[in-house]
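> Got a structure for you, written out below as structure tokens; questions coming shortly.
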Amino acid sequence: MKRVAILGSTGSIGVSALSVARHLGIPVKGLAARGRWETMRDQIREFRPTRAAMLDAEPCRLLRGALNGAPLSLLEGADGIRELARADDVDVVLSAITGAAGLAPGLDALERGKTLALANKESLVAAGPLMIEAAKRGGGRIIPVDSEHSAIFQAMQSGRREEVRRILLTGSGGPFRETPAAELADATIEQALKHPTWSMGGKITIDSATMMNKALEIVEARWLFDIDPSQIEVVIHPQSIVHSLVEFRDGSVMAQLGAPDMRVPIQYALTYPERPEGNARRLDLLEAKALTFQPPDLEKFPAIRLGYRAAREGGTMGAVLNAANEVAVEAFLAGRIRFTRITAIAGEAMDAHATKRRPSLQDIMEADRWARERAAALAAEAGR
């Protein structure tokens, strides 16, 4: 059985991944998180990994005291997480760390020939070509965990990449699908965090509300499936049952359906190519009754246009989109900017950026740093 390390084990994806591991008896060799040391303590006691890592120093100190000499290697900081991702006793690294922090350990895992079960879409958005090159160089493989990209990955088993006519990325439309555009400027944090279908972390839920999640998924799909952005379409599907579709040249359309439960794509990534008995909710189509689809409103959700732009331009533009959005989301959640300024700040940072077409990792990290500073300045101006 494959041995697993889970990066971001205390978040919603990590907790779901541990539910799958518990159900299937998958050996968990490594756990990593940022600061929820009490949750990490409980996970360590149950799953008994050989290594654990905490990104922040103070939670690591508290965890060390709480473990009271437990037989494991407790690592600290970004370097500790990277060491965990490179460990020889790990076959699959599930990366569920939010943001650009997942990039380096993801590259490490691929270069060591491991399977990277990727829930951290920001890695491919910021550094898609580098991730693909690392997989080729080290013999690793990326299997997506996002429900949409997992659906595409599964549907594409029905044909060859060159036979694909288009990919259809589905999205629920978030909490503001029916809200008039004129009302979005006054949208509250509470309203934006009220997702109609999924239970997710704060940042991901806000991305769904702005539909920046679809923008990032466009860029991710472009690199993950080696497909031109013109072949990627976004479709609003409020029921969140059809997780995405692939249309082939012969007219066949393959879709992956399932109840909105992240344990399905997580289990597929951890056990691929096998499909053991799962513990996720089952889909009842008779209960669902209707499946509806509609085009996105690009005037109300301009983030989607930014996603296509980043996918077309490539280079460092994806890193700028991702980093600027992260800063803007933080500013909104802190009450410093209005909801509509999130996407506006990301777009303004992109406008001011001179793209490097063939970036190194250093170039990408510099673009990330620059975009964060630019977005922070724009947020500060907006808050005055």
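Rule-based calculations on the coordinates, nothing more; no lab input. Since we're looking at a predicted model, the values are computed, not measured. So basically every Cβ, Gly included, is an ideal-geometry build from the backbone, and we count neighbours across all protein chains shown.
> Nearest 500 deg cm²/dmol is fine: what mean residue ellipticity at 222 nm does the chain get from its DSSP H runs of n ≥ 4 alone, each adding -39,500 (n - 2.57), divided by its residue count?
-14500 deg cm²/dmol
> In percent, what relative contact order does the chain have, based on Cα pairs under 8 Å that are 6 or more apart in sequence?
With pairs under 8 Å counted, the relative contact order is 15 percent.
> Another question about this same structure. Roughly what % antiparallel, to the nearest 5, for the DSSP beta bridges in the chain?
30
> If you average the C-alpha positions of region 307-330 and of region 76-117 separately, how far apart do those two centres end up, in angstrom?
22
> Let me ask something else. With each label point set 7 Å from Cα along the Cα-Cβ vector, what nm distance links residue 182 and residue 194?
Using points 7 Å along Cα→Cβ, the separation is 2.1 nm.
> Here's a follow-up. If I stretch the segment between residue 355 and residue 226 completely, what's the gain in nm (0.36 nm per residue apart, minus their alpha carbon distance), one decimal? Numbers along the way, then the final one.
Numbers: separation 129, 0.36 × 129 = 46.44 nm, distance 2.04 nm.
That works out to 44.4 nm of additional length.
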